[in-house]
Amino acid sequence: MKSDRVTLDVFARIVDLAASPAEGQYEHPTDSALAAYLWLLSSSDGDYSARAAETVLECKQCWWARKMAEHVRYRKKPER
């Protein structure tokens, strides 16, 4: 993403979707959307993607988004 405005919009969308409720035992209705937005954000901005990943990891009943968030979090850790 070349625009800071678009980056902020994608980050805000992730936060909004992660805050939306899920029903009972079912998959979170925005699971795949969260994963896609996080993937898009991670390709351009490390700080926002790290924050978004932590937000997604707190979201219940996500599978795809959690996998993407774990990937982003693992990738952002410094090597020793």
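Only the coordinates and a few stated rules stand behind these numbers; no lab work does. Keep in mind the model is a prediction, meaning the values are calculated, not measured. With ideal geometry, Cβ positions are generated from the backbone for all residues, glycine too; neighbour counts draw on all protein chains shown.
Observations on the model:
- Mean residue ellipticity (222 nm) of the chain, computed from DSSP H runs ≥ 4 via -39,500 (n - 2.57), nearest 500: -21000 deg cm²/dmol
- Relative intensity of the chain on a log10 scale, I(q)/I(0) at q = 0.16, 0.19 Å⁻¹, equals -0.52, -0.71, per a Debye sum over C-alpha point scatterers of equal strength in the absence of solvent.
- Net charge, Gln61 excluded, C-beta distance under 13 Å - Lys, Arg +1, Asp, Glu -1: -2
- Cβ-defined net charge surrounding Glu27, 14 Å radius [Lys, Arg +1; Asp, Glu -1]: +1
- Within the listed set Ala33, Ala65, Ala53, the residue fluctuating most in the Gaussian network model of the chain (springs between alpha-carbon atoms under 10 angstrom) is Ala33.
- If you plug the beta carbon distance of Arg75 and Ser32 into 1/(1 + (r/R0)^6) with R0 = 25 Å, you get a FRET efficiency near 0.80.
- Modelled FRET efficiency - R0 25 Å, Ser43 with Asp16, Cβ distances, 0.05 increments: 0.80
- On Cα atoms only, tilt of 4-19 relative to the major axis of the chain in degrees: 30 degrees
- Estimated inter-spin distance, Glu58 and Lys2, nm [label 7 Å along Cα→Cβ]: 3.4 nm
- Estimated translational D of the stretch 1-40 in µm²/s (Stokes, Kirkwood radius over Cα pairs; 20 °C; 1.002 mPa s): 197 µm²/s
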